[in-house]
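We did not get these values from a lab; they are worked out from the coordinates using the rules stated. Keep in mind the model is a prediction, meaning the values are calculated, not measured. In this analysis, Cβ positions are derived from the backbone assuming ideal geometry, glycine residues included, and neighbour counts consider all displayed protein chains.
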Amino acid sequence: MKTNESGDPLENALFGLFAMDCTEFTEENALMTAKSDDKGCFSFADIPFGGYVIRELSAPDGYILSDETFSLKCLPQDSLCSA
């Protein structure tokens, strides 16, 4: 979920899903991309099992791009992903 400092949701932030060994986080290098909706939420569908990194690629107008990295693991035993 993408929020501002007050915790309000932010729409239109672009996020990328990357291989764990990726070092250049661009839209072109992303395995998948997703934009946050009016509730600040975004999702990726049909992610194969494995490890990934999620990074914000562009911030909504008037906001600063986050340089935070999130790790994601998709494991076959539970068919769910966890960050």
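General observations
- Within the listed set Leu14, Leu72, Leu31, the Gaussian network model of the chain (springs between alpha-carbon atoms below 10 Å) gives the highest mean-square fluctuation for Leu31.
- Sum of side-chain charges, Gly62 neighbourhood, beta-carbon under 14 Å (Lys, Arg +1; Asp, Glu -1): -3
- Toward the positive end of the charge dipole of segment 14-82, with +1 on the Cβ of Lys and Arg and -1 on the Cβ of Asp and Glu, the farthest Cα among Ile47, Tyr63, Ala19 is that of Ile47.
- Most mobile listed residue (Asp67, Asp46, Asp21) in the chain, GNM with C-alpha springs under 10 Å: Asp46
- With only Cα atoms counted, segment 14-82 has Rg and Dmax values of 12.4, 42 Å.
- HN-Hα J in Hz across segment 3-20 - Karplus 6.51, -1.76, 1.60, θ = phi - 60°, x for Gly and Pro: 10, 8, 4, 8, x, 7, x, 10, 8, 6, 7, 9, 10, x, 9, 10, 5, 4
- Sequence-distant residues sharing a close amide H with Ala13 (under 5 Å, placed H): Ser36
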